[in-house]
Every structure is written in structure tokens, then in C-alpha cells.
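*Asks:* Supplied in C-alpha cells, the structure appears directly below.
Just so it is clear, none of the values below were taken in a lab; they were calculated from the coordinates. Just so it is clear, the model here is predicted, and its values are computed rather than measured. FYI the Cβ positions are ideal-geometry reconstructions off the backbone, even for glycines, and counts take in every protein chain you see.
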Amino acid sequence: MVRERITVNDFERITKENEYFIWHFVNPNSATQLKSIFQIDNPFNPNPFIPILKSISVPYFESDSQESYDFLINLDTPFIVNAHKNNTYNPVVISFNRKRMVNHTFGPYCYCIEGVIELIGELNPQFILDIN
């Protein structure tokens, strides 16, 4: 399973290597439930992303939302409004089919584990059907 911390400079490479993937733009200062999978998991406040990604074999990439701001606002009009609010860079999970953004957690799906599962199911239902 692909689990990689990247920068936006890796976009061309990952679109060539992966037909479908999700990209998590994290904000380490955000008080959200979803956190980086690369930080040490807190046993008293576990990251719900980790068991999901152990079960679902969707390629997963992660970047810092602040470092990716220009990339995010150039994806789509809602990102201009949602990527930067209240002097912070909002975290978001985006699903891609090669270079085409399929959906994201700024819109119809919430930035929560349920929203991410729905996002993955819409991207390619086979990921959900093949759960370990």
C-alpha cells in the first residue's frame, strides 16, 4: 500500500504511478479529528485515519496545507474560499483520478472519517469492496 509524505512538486509523478489516490492536506496546528498518519499516534486520542488506511488499500499521500496553498486554490473555485479561513490553512482530503480532482472534503463530504470513506467509495467502489 502506498503511504507517502510528498510536496506538490510530486504531483506529476504520483499521477503517472496511480490511477486513483487520495491526498490529505494536513494542518499540524488544526484541532481536528483527522491528523497526519506520520505523527506518533496518541493512545488517548487515536487517529481514526490509521485503522481505515490499514483496511482500505487506496494510495494515500499527505502534504502540509500551508505549503500547498497555491496548488489548492488553483484546483477549483471553492478552494479559493475554503483553503484559507480565519488566518489558518484548512485541512482537506481530495480524491483524484490521475490528474482530475474527483471530490473533496470542502464540499459534499465532511472532513471526518465517515466523509473520507464516502470519498473513497465514490472514487472507486472497489476499494470498499476489497476491504481486508
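*Asks:* Arrange Arg100, Arg5 by Cβ neighbour counts within 10 Å, fewest through most, would you?
*Replies:* Arg100, Arg5
*Asks:* Pick from Ile73, Ile22, Ile40: which is most flexible by mean-square fluctuation in a GNM of the chain where alpha carbon atoms under 10 Å apart are linked?
*Replies:* Ile40
*Asks:* Among Thr32, Thr15, which comes first, second and so on when ranked by fewest other beta-carbon atoms within 10 Å?
*Replies:* Ordered from fewest to most neighbouring Cβ atoms within 10 Å, Thr32, Thr15 come out as Thr32, Thr15.
*Asks:* Okay, helix-only estimate at 222 nm for the chain: each DSSP H run of n ≥ 4 adds -39500 (n - 2.57), divide by all residues, round to 500 deg cm²/dmol; what do you get? Kindly include the intermediate steps, with their values, before the conclusion.
*Replies:* Values: 6 runs with 41 residues, N = 132.
Mean residue ellipticity, 222 nm, calculated: -7500 deg cm²/dmol.
*Asks:* Residues with amide H under 5 Å of His84's amide H, sequence separation 5 or more or different chain, H placed in the peptide plane at 1.01 Å from N; which?
*Replies:* Long-range HN contacts for His84: Asn90.
*Asks:* Taking the Cβ of Tyr69 as the centre, find all other residues whose Cβ is under 15 Å away and add up their charges (Lys, Arg: +1; Asp, Glu: -1). Working shown, then result.
*Replies:* Values: positive: Lys85; negative: Asp64, Glu67, Asp70, Asp76.
Value of the local net charge: -3.
*Asks:* Could you name the aspartates and glutamates in cross-link range of Lys85, using Cα to Cα under 19 Å and dropping any fewer than eight places away on the same chain?
*Replies:* Here the aspartates and glutamates satisfying the reach criterion relative to Lys85 are Asp64, Glu67, Asp70, Asp76.
*Asks:* Would you please calculate the Kirkwood hydrodynamic radius of the chain over all C-alpha pairs and express it in Å, rounded to one decimal?
*Replies:* 14.9
*Asks:* Something else: Percent relative contact order of the chain, based on C-alpha pairs within less than 8 angstrom and at least six residues apart?
*Replies:* Working: 201 pairs, mean separation 41.3, N = 132.
This gives 31 percent for the chain.
*Asks:* Then there's this: If neighbour count is taken as other Cβ atoms inside 10 Å, put Leu53, Leu75 in order from fewest to most.
*Replies:* Leu75, Leu53
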